[in-house]
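Trainee: Before we start, here is the structure in question, set down as structure tokens.
Any read-out appearing in this document is the output of simple, stated calculations on the displayed coordinates, not a laboratory observation. Just so we're clear, the structure is a prediction, and the values are computed from it rather than from any experiment. When we count neighbours, we look across all protein chains shown, and the Cβ atoms used for this are built from the backbone with ideal geometry, even at glycine.
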Amino acid sequence: MQMKDLAQTFEYLKQFLTEERLRKIEHFSQDSSDFVLPVMEDIYQFRNAAAIVRSVEACGFHKVVAMEEENVFNPNLTVTKGAETWVEVQKMPKNISSLKEIKNSGYKILAVSPEKNAVMLPDYQITGPIALVFGTELEGVSEEVLDFADETLAIPMYGFTKSFNVSVAAGICMYELKQKLLRSGIDYKLNEQKLLEMKIRWTVNSIRSGHQILEQYLKR
């Protein structure tokens, strides 16, 4: 859809929103970003899926990639606290081809793991878009992903426990990387087209029968 069409579509859909919801969409969209893209490798606990979505949204990143193999990425809505309204979940097969597709779209692939001479999160210098790959609850990041990744990133540990729960690790990484971006001076925010596309998605998700209303509008 062209920019003009996106703008007209959003203008049309706005009439179905309350003033308060429109104000929130305009406010929170301004700092939204896909500069850091969390990629989940076959997460199976729905509470973890939900907690990840919630942390991602709270840090102003509004997209998650769920690479599925044996398990469906299905967040528990009582845990997300509404974050699923705002976060786009793109589902892809769990394989290297999916990571290649992400890499070809401009992301450096970082596996979150202490393996392969990992850089510690406090020391990591973010200079461009990164896709953070988180492994399964029991296995961690798979060997094939570790071999494919451009770098590995580790969270410092200060106790006997060797790792954080995957949803906790995701929350720590997203928050710390957001702070680094805020201090960096990098233009990490969505471009105008992505911003409009996101606001349309948020608006559709905010109104009853939103998808049908959009579909009928686009048929005109």
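Trainee: Which whole-number percent gives the relative contact order of the chain, counting Cα pairs below 8 Å spaced six or more residues apart?
Mentor: This gives 28 percent for the chain.
Trainee: Something else now. So for the range 97-160, Kirkwood radius off the Cα pairs, Stokes-Einstein at 37 °C and 0.692 mPa s: how many µm² s⁻¹?
Mentor: Translational D for this selection: 267 µm²/s.
Trainee: In what sequence, highest mean first, do 27-38, 45-56 appear when ranked by Cβ atoms within 10 angstrom?
Mentor: The packing order, highest mean first, is 45-56, 27-38.
Trainee: What does the charge dipole of the chain about its Cα centre add up to, to the nearest 20 debye, if the Cβ of each Lys and Arg holds +1 and the Cβ of each Asp and Glu holds -1?
Mentor: Using only the charged Cβ atoms, the result is roughly 880 debye.
Trainee: Further, regarding this structure: In whole angstrom, how far apart do the alpha carbon centroids of the range 84-141 and the range 1-50 sit?
Mentor: 21 Å
Trainee: Sort the following peptides by mean Cβ neighbour count (other Cβ atoms within 10 Å, averaged over residues), highest first: 146-153, 59-66, 13-20.
Mentor: Answer by packing, highest mean first, reads 59-66, 146-153, 13-20.
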